[in-house]
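The values are calculated or read from the model by the stated rules, or taken from the named source; none is laboratory data. Everything numeric in this text was worked out from a predicted model, so none of it was measured. Neighbour counts are summed over all protein chains in view; Cβ atoms, including those assigned to glycine, are modelled from backbone coordinates with ideal geometry.
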Amino acid sequence: MKQFLLSLSLLLVIACKEESKQQSSVQPVQDTTKVADFREFKVLDSKYIQSDSIWAPFIKELEAFSEDRYDQLLPLILDQDIPSLQKAIASNTFTYEELVLFYLKRIQKYDRNNDLSLNSVISLNPNVLQEARVKDQGLKNKMMKHPIFGIPVLLKDNINTANMPTTAGAIALTKNITEDAFIVKRLKENGALILGKANLSEWAYFFCGDCPSGYSAVGGQTLNPYGRRILDTGGSSSGSAVSVAANFAAGAVGSETAGSILSPASQNSLVGLKPTIGVLSRGGIIPISSYLDTPGPITKNVRDNAILFSAMSGRDSQDPASVENKNNTSNYYEDLAEVSLKGKRFGALKSLMEDTLYVAAINDLKSAGAEIVEFEGEDLDLPNFTRFLNLEMKRDLPVYFKKYGNKDLSFKTVKDVVAYNNTDTLMRSPYGQKLFDGIVADSATPEEFAAIQDTLITNGKRFFEVPMKAHNLDGILSINNYHAAYAAVAKYPAITVPMGYAENKAPKGLTFIARPYQEAALFSWALAYEKASNKRVSPLNYKN
């Protein structure tokens, strides 16, 4: 059967390049980490981001923010979790404004136009310092009700925001000024500071087919801080993950269709949660598939992930999946203090047991009290997955344009975007737009579409449910994004946690997969593993 990429990025590359390749489903999907010659990138730096305009709102404040103060704050902020940051601010060690200035200084220092640049941030909120001062005043007036209060967060640039364009990395959408997405409203209601927008694989990697993950025409080529110009960033939430790994923000929001949070989070040594569809609203997020899409948090640790996830939660009456959400929990962080894996049963795929990091992670889980059952994976295909996404995006993108996009945009369909890009392919689509061409060309009757969807759902659920029922398992253990496509079509949530580094220094993550609406359980398992293993290390060149 086809070996499907369980990051959306490689899923698409394999689907387009190797339709006839046949492999057994019990073999893991290969990691997207690779050694890449820098010359493979046709484009590195953005040709559209103007540094002068990005930094203009902050010139005066950044000039007054001395190197000595930055150095003083470095050990107090770098790699600290959100509760520690809040404790320091509450004790007047520094302010929310200084926290923002610290992150702005790091973005200015590391993100573009130098030998360490990562190209992970597309735009910055011009009002963020003013908003931080308001939070400082609010803290004095005891207005803090949520631990996300005053904490700077970056958003993947397919998530609508009111004062920055939402581009999906595409030149076609550089004037797409919108209202806030539902989850952004929730973040602001809970006091979060929206620091800016993060780069992504253009159109969430459902666009070119032959381009590197982390590339967009607007943002340029995002690079992995653990191996700049060597290791793959993962995609499509590439900038969200890279920016957190490099300490450009306390956390970031990504989005996933089939691996686009799990892939970059694991490949940048981070915690990434892909929740059950509908637990977080998709309203105001540029779609691929209304059936599969979800936003999710990317952070350096499990507790921060639960905090950011909780801050975004809420029922959106405009999103049918949110309306149907069966999980009424909105606080996933307060109950994480005492966690135990005693008596928990996890399934480990025998096909992954040759990975020494996976085996070590399993041993850590056993030491923490978990029971591990090795099993052979079901030999199941996910036929017509790419075609399913074609048909979903062909239907769902026009809905976004009509309901959530800027009303002055001339685009109504994918075909309109293809035509726009064709007038200047060198600048707008240097790697081509094979996947968008495929969307335009594809069609199906309602009966054909229903049959494709039914097969995907059936096979995805069977992949997990057969071993879970046979062995009475609480969850399944995977690596990175290896089984994200099965989890996607089954609508099973997943969380990845750093589990160490391969021989080539590439980060890898242990991924827990659970049944729908078990986010609280995922957080507890992930935290217990994080405490037992403590594997995350900051990227060496970005510690100053």
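Scanning the range 43-77 for residues that are of a type outside the set (S, T, Y) and not in a helix (DSSP H, G or I) yields V43, L44, D45, K47, I49, Q50, F65.
Residues that are at pLDDT 95 or above, assigned to a helix (DSSP H, G or I), aliphatic (A, V, I, L, M) and more than 27 Å from N305 (Cβ to Cβ) do not occur anywhere in the range 94-104.
Here's the yes/no breakdown for (1) within 18 Å of L129 (Cβ to Cβ); (2) out of contact with any Leu (no Cβ under 8 Å at 6 or more places or on another chain); (3) of a type in the set (D, E, K, R):
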site	(1), (2), (3)
K47	no, yes, yes
Q50	no, yes, no
S53	yes, yes, no
A56	yes, yes, no
A64	yes, yes, no
D68	no, yes, yes
D79	no, yes, yes
L99	yes, no, no
N114	no, yes, no
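Selection of the range 186-245 for residues being among the small types (G, A, S), buried (at least 24 other Cβ atoms within 10 Å of the Cβ) and part of a loop (DSSP other than H, G, I, E, B) yields A192, S201, S213, G214, A217, G219, G234, G235, S236, S237. A single entry from Y542, Y501, Y482, Y529 fulfils the requirement of being more than 16 Å from the chain's Cα centre (by Cα) and buried (at least 23 other Cβ atoms within 10 Å of the Cβ): Y529.
Search the range 262-280 for residues that are modelled with pLDDT under 95 and crowded, with 24+ Cβ neighbours inside 10 Å and pair each with any residue that is of a type in the set (K, R) and outside any loop (DSSP other than H, G, I, E, B) when their beta-carbon atoms are under 8 Å apart and the residues are at least 6 apart or on different chains. As it stands, the answer is none, since no pair meets every condition given. If only residues of the range 107-136 that are more than 26 Å from T178 (Cα to Cα) and basic (K, R) are counted, the one that is modelled with the lowest pLDDT is R112. Give me the residue from the range 389-440 that is within 23 Å of the chain's Cα centre (by Cα) and among the acidic types (D, E) and, out of that set, surrounded by the most Cβ atoms within 10 Å (Cβ to Cβ). Step by step, filter the range 389-440, then rank; the result is E392. Whenever a residue of the range 393-404 is within 15 Å of N160 (Cβ to Cβ) and of a type in the set (V, I, T), it has no partner that is in a helix (DSSP H, G or I) and modelled with pLDDT of 95 or more lying with C-beta atoms less than 8 angstrom away and at least six residues away or across chains.
This table checks each residue for (1) without any contact (Cβ under 8 Å) to a residue 12 or more places away in the chain; (2) under 27 Å from T222 (Cβ atoms).
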position	(1), (2)
D81	no, yes
K87	yes, no
F94	no, no
L101	no, yes
K109	yes, yes
D115	yes, yes
N119	no, yes
I122	no, yes
P126	no, yes
